Number of protein chains: 2
Amino acid sequence: MKFSIVLSVQQARFVAVAFKGNLEGNLAKIAGWGYDGVELAIRDPQAVDVEALVDLVAAYGLVVPAIGTGQAWGEERLSYSDPDPAVRRAAIERTKAHIPVARRLDALIIIGLLRGLVQPGVSQAQALDWTVAALAECCTEAAQSGVRIALEPINRYETTLINTVAEGLELIDRVGADNLGLLFDTFHANIEEPSIEDSLLAAGNRLFHVHVADSNRWYPGAGHLDFAPLLDVMARSGYAGFVSGEFMPRPDADTAALRAIAHLRSFAAAAGDRNRRPVG
Amino acid sequence: MKFSIVLSVQQARFVAVAFKGNLEGNLAKIAGWGYDGVELAIRDPQAVDVEALVDLVAAYGLVVPAIGTGQAWGEERLSYSDPDPAVRRAAIERTKAHIPVARRLDALIIIGLLRGLVQPGVSQAQALDWTVAALAECCTEAAQSGVRIALEPINRYETTLINTVAEGLELIDRVGADNLGLLFDTFHANIEEPSIEDSLLAAGNRLFHVHVADSNRWYPGAGHLDFAPLLDVMARSGYAGFVSGEFMPRPDADTAALRAIAHLRSFAAAAGDRNRRPVG
């Protein structure tokens, strides 16, 4: 089992000097703690020096399994389901702009809140139709570069568009693209899935990426989720992707990252994982 | 173990004829399914004919363990933490207006979202201070009638004011009233509590009332929560109150209510409950 953790490169936009220092310092710590990879949250790929990023990540022996795109929603309110066609178009173009970066890093592109949420005057069906059309267009272009896209079911409080794996699989069927799959997030699944294990199994070969946080969105081990059967289901179903930590920086970011990898590696070891790395 | 289910008497305000018919029809069904009591959601006690309500509930052999007050927030935005002192005063007076009804029904008063949520320009500390002051005033008046008040920890997405049992107990200490306790809701606990069982135990003799919904807010049995250990903890800790169903009407209200009581009674029976009633 390979583990990564989410890291934002967002401050690059604002403080160019702080960027490199913070990013490199964080990469050094993440590698030192025994993570195999780092999932990068990128608001706008145009603002990122990709070659420098590739070199820096490689220097610490890390890979980038996935790129998170949600900051474009959080900071700019770009979304596939906005009533304004110009905003929808911008969200699609932003997604496409990630493709060369994803190809260079051999990463997949995550679609979380970039699909948006149902806005006043828009029906749920219309918002889903726009989301299907946007993903179809983005997947077609991504396929030309061999890049995959992973749609994340998100709990009901954050959006009504795709809360469960079942809804995600139905939407993937509608899009009809082989390079579209699911990101399974344990925090959201704890709220939405009747059975967390069954939904993980149901994702099958459409399981492209996994986020782990405990039931309270703290690091794995801080809540009541049992990660042993979840990692076991992934191993048995042949999941070859990363298990990526996305959780609140509590009690602080470093402690959370360290405790997460220790907790997860203990189960991965028990599950007979051969690639266990020492936890520092 | 005694079981109840939430029923709104709200339509009384709008359709006086429909009110009695609906209410009586629902009470008949609820009693027929084997529930011991009915928890009543009341927006404004002034709009309710209490003696008629007492007679109607008694006619079906039911009791009223608790009165829910959240509709005053949902429909009128009354809250203890509003920046407008007139709104805070109205929320306090509305709470006090429930006291004679609660006394007559031998019910406790639930404070859920009537505490509100932190509004723009209000600090978390200020909102908590106002909540403490409001509860102190309401508890003092309720104590004179022997009425208890139960504060419900609610998950982070609905309010930042009291998400966990630990935060609830701390607030109860600040209020310093013997008639103030907690309502433990399994749906909220699944998101907020590091251990659901431990938090239930921690509530101790401050556990005044319990809401049950499964992890996905459907009826117990529709999600991944294990209710057996939860009912067992309640039994072992001497909880003498009601376990009250508050869940989404899915696939429909009747089916949900029937499946909930069947699921809960099966565990209560296993826990050696002597008051088991037949499930119809």
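Some observations on this one:
- Residue count for the range B:66-77, restricted to those that are open to solvent by less than 20 Å² (accessible area, probe 1.4 Å) and either more than 21 Å from B:Phe242 (Cβ to Cβ) or in a helix (DSSP H, G or I) (or both): 1
- Checked against the criterion of being hydroxyl-bearing (Ser, Thr, Tyr), under 25 Å from A:Asp214 (Cβ atoms) and open to solvent by less than 10 Å² (accessible area, probe 1.4 Å), the range B:174-191 has at least one qualifying residue.
- Filter pass, B:Gly68 being within 16 Å of B:Pro45 (Cα to Cα) and among the small types (Gly, Ala, Ser): yes
- Taken as a whole, the condition of being open to solvent by 40 Å² or more (accessible area, probe 1.4 Å), free of Cβ contacts under 8 Å to residues at least 60 places away in the same chain, touching a strand residue (DSSP E or B) at 6+ places or on another chain (Cβ under 9 Å) and not aliphatic (A, V, I, L, M) does not apply to A:Asn22.
- Subset of the range B:182-207 that is in contact (Cβ under 8 Å) with a residue 60 or more places away in the chain and under 20 Å from B:Leu128 (Cβ atoms) - its residue that is nearest to the chain's Cα centre (by Cα): B:Leu183
- Failed condition for B:Val38, given (1) in contact with a strand residue (DSSP E or B) (Cβ under 9 Å, 6 or more places away or on another chain); (2) surrounded by fewer than 22 Cβ atoms within 10 Å (Cβ to Cβ): (2)
- Residue satisfying condition, being open to solvent by less than 20 Å² (accessible area, probe 1.4 Å) and of a type outside the set (S, T, N, Q), within set A:Val87, A:Val63, A:Val50, A:Val101: A:Val101
- Filtered by the rule that a residue be in a helix (DSSP H, G or I) and in contact with a helix residue (DSSP H, G or I) (Cβ under 7 Å, 6 or more places away or on another chain), the range B:78-103 gives B:Arg88, B:Ala91, B:Ile92, B:Arg94, B:Thr95, B:Lys96, B:Ala97, B:His98, B:Ile99, B:Val101.
- Residues located in the range A:192-203, provided they are among the polar types (S, T, N, Q) and either open to solvent by 20 Å² or more (accessible area, probe 1.4 Å) or more than 15 Å from A:Ser237 (Cα to Cα) (or both): A:Ser195
- Condition met for A:Pro249 (loosely packed, with under 14 Cβ neighbours inside 10 Å, modelled with pLDDT under 95 and closer than 22 Å to A:Glu152 by Cα): yes
Condition check ((1) modelled with pLDDT under 95; (2) over 25 Å from A:Ile5 (Cα atoms)) across all residues:
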{"site": "A:Leu62", "(1), (2)": "no, no"}
{"site": "A:Gly74", "(1), (2)": "yes, no"}
{"site": "A:Leu78", "(1), (2)": "no, no"}
{"site": "A:Asp82", "(1), (2)": "no, yes"}
{"site": "A:Arg88", "(1), (2)": "no, yes"}
{"site": "A:Ile92", "(1), (2)": "no, yes"}
{"site": "A:His98", "(1), (2)": "no, no"}
{"site": "A:Arg103", "(1), (2)": "no, no"}
{"site": "A:Ile111", "(1), (2)": "no, no"}
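- Count of the range B:133-146 residues which are open to solvent by less than 20 Å² (accessible area, probe 1.4 Å) and under 15 Å from B:Tyr80 (Cα atoms): 4
- Among residues of the range A:217-233 being touching a residue at least 40 places away in the same chain (Cβ under 8 Å) and open to solvent by 20 Å² or more (accessible area, probe 1.4 Å), the one that is farthest from the other protein chains (Cβ to nearest Cβ) is A:Ala228.
- Filter result for B:Thr160 (open to solvent by 10 Å² or more (accessible area, probe 1.4 Å) and over 30 Å from A:Thr160 (Cα atoms)): no
- Residues in the range A:119-132 that are among the aliphatic types (A, V, I, L, M) and open to solvent by 40 Å² or more (accessible area, probe 1.4 Å): A:Ala125 alone.
- For the range B:104-118, the set of residues classified as touching a Pro at 6+ places or on another chain (Cβ under 8 Å) and either in a strand (DSSP E or B) or open to solvent by 50 Å² or more (accessible area, probe 1.4 Å) (or both) consists of B:Leu108 only.
The values are calculated or read from the model by the stated rules, or taken from the named source; none is laboratory data. Keep in mind that what you see is a predicted model, and the values were worked out from it rather than measured. FYI the Cβ positions are ideal-geometry reconstructions off the backbone, even for glycines, and counts take in every protein chain you see. These accessible areas exclude ligands, DNA and RNA; they are computed on the full protein's heavy atoms, side chains included. Shrake-Rupley method; radii C 1.70, N 1.55, O 1.52, S 1.80 Å.
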